[in-house]
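The values are calculated or read from the model by the stated rules, or taken from the named source; none is laboratory data. Bear in mind that the values here come from a model prediction, so they are computed numbers and not experimental data. As a convention, Cβ positions derive from the backbone with ideal geometry for all residues, glycine included, and neighbour counts pool all protein chains shown.
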Amino acid sequence: MTLWEKAKSELIDIIEWTDDSSDTMVWRFPRYENEIKHGAQLIVRQSQAAVFVNMGKIADVFTSGKYRLTTSNLPVLTTLMGWKYGFQSPFKAEVYFVNTRNFTNLKWGTKNPVILRDPEFGPVRLRSFGTYVVKVSDPAKFIKEIVGTGGQFTLNEVSDQLKNLIVTRFSDMLGESKIPVLDLAANYNELSAYLTGKIAPEFLEYGLEITKLLVENISLPQEVEEALDKKSSMGIIGNLENYLKFQSANAMEAAAKNPGGDASAGVGMGMGFAMANQLGNVMTHPHEPIQNAAPPPPLPPEETDTKYYVGKNGKQAGPFDKNMIIGYIKKGAITPKTLMWKAGMDKWKIAELFSEFEASFKTTPPPFPE
């Protein structure tokens, strides 16, 4: 420090801090050899506190207001300095200004997924994140426990420690709660309030107060969410246990894209229309049980080609000619155990009992397992 700076500092008798930053928590007032004049003016603004430190010991703490520094308002420092009868000369003390406002919109989140056991999905990996608000509630304790002797202390220097504390307590709380994954979103407020109460005492040990903590999101891995989306889509459509309906719909779409395809595509379209009508009835009346359809009446006398009807899962489709049936056998849509009926039969029989299709079943592999 130059002689001019030293002389200038001795002329200054106002101790104050005007904060133009957004993340400074503690700032030490600069003064040559920490000398403060007797009767100096101390100005502490709103959301500030001034802490006097002598020889590494916390002395007096001033809240917002304007003060003239004398032995009467520096009782602890007066005792430490041994001023029994007052003082008139400059004294030495470090003055730390502490920002006591709320620091808002601070982020926390899990760096790695938290593995939990869910009653429906089994072991799952969850990620979570949220925000919190913190402020200095005990300036003296905060300086003693966190700041130390640094001339300036910012939020970044303590935020990582606070985030780690939140994530650790949150992971433990989530595991103990045993809330199903699909019910977590309905409990964000309860989880936030419980977590705030659980970690508040630990923040107070540092002289900090957590005024608000929010759990904003708890998410599953992307591949699990995609599987849930598919399951939801199937649930919206309705009963898809009848795979033939779903397969017929796909055949109808393929036939529309390939109008010049083989005859089996047309067969697929015909069966697709029949199955689509049945699926429409199921969706229109979802609570009505599906009844087995009665056998169709005999074919008209003028019909020369044999027509076949196919029954599956309580529904019938047709009529189809022999080539169409062979096409479905090749696709695996009709298996040896599929029920079929043709004119002249008194009841439905399984397909393998129809001699005209015996050769087709012998050369056709069974349906590929799902």
Restricting attention to segment 31-66, the residues that are surrounded by fewer than 16 Cβ atoms within 10 Å (Cβ to Cβ), under 16 Å from residue 139 (Cβ atoms) and either in contact with an Asp or Glu (Cβ under 7 Å, 6 or more places away or on another chain) or polar (S, T, N, Q) (or both) number exactly 4
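Among the residues of segment 304-350, how many are charged (D, E, K, R), more than 12 Å from residue 361 (Cα to Cα) and touching a strand residue (DSSP E or B) at 6+ places or on another chain (Cβ under 6 Å)?
Start the filter on segment 304-350 by keeping residues that are charged (D, E, K, R), which leaves 305, 307, 312, 315, 321-322, 330-331, 337, 342, 346-347, 349.
Add one more test, that the residue is more than 12 Å from residue 361 (Cα to Cα), and what stays is 305, 307, 312, 315, 321-322, 342, 346-347, 349.
Then keep just the ones that are touching a strand residue (DSSP E or B) at 6+ places or on another chain (Cβ under 6 Å); that gives 307, 342.
Total meeting the criteria: 2.
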If you take the residues of segment 89-109 that are modelled with pLDDT of 90 or more and in a loop (DSSP other than H, G, I, E, B), which of them is nearest to residue 210 (Cα to Cα)?
102
Output the strands (runs of 3 or more DSSP E) that fall wholly within segment 110-174 and possess 1 or more residues being closer than 30 Å to residue 221 by Cα, out of contact with any Gly (no Cβ under 7 Å at 6 or more places or on another chain) and at pLDDT below 90, or say none.
114-118, 122-136
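Could you say whether any residue in segment 133-142 is under 21 Å from the mean Cα position of the chain (by Cα) and not assigned by TED's automatic domain parsing to the domain that holds residue 31?
Filtering segment 133-142 for residues under 21 Å from the mean Cα position of the chain (by Cα) gives 133.
Imposing the further condition that a residue be not assigned by TED's automatic domain parsing to the domain that holds residue 31 reduces the set to 133.
Among the residues of segment 133-142, at least one is under 21 Å from the mean Cα position of the chain (by Cα) and not assigned by TED's automatic domain parsing to the domain that holds residue 31, which makes the answer yes.
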Given (1) assigned to a helix (DSSP H, G or I); (2) at pLDDT below 70, where does residue 79 come up short, assuming only one miss?
(2)
Taking segment 198-211 and keeping only residues that are surrounded by fewer than 14 Cβ atoms within 10 Å (Cβ to Cβ) and either part of a strand (DSSP E or B) or at pLDDT below 90 (or both), one is left with none
Segment 37-66, subset in a strand (DSSP E or B) and without any contact (Cβ under 8 Å) to a residue 24 or more places away in the chain, residue farthest from residue 99 (Cα to Cα):
57
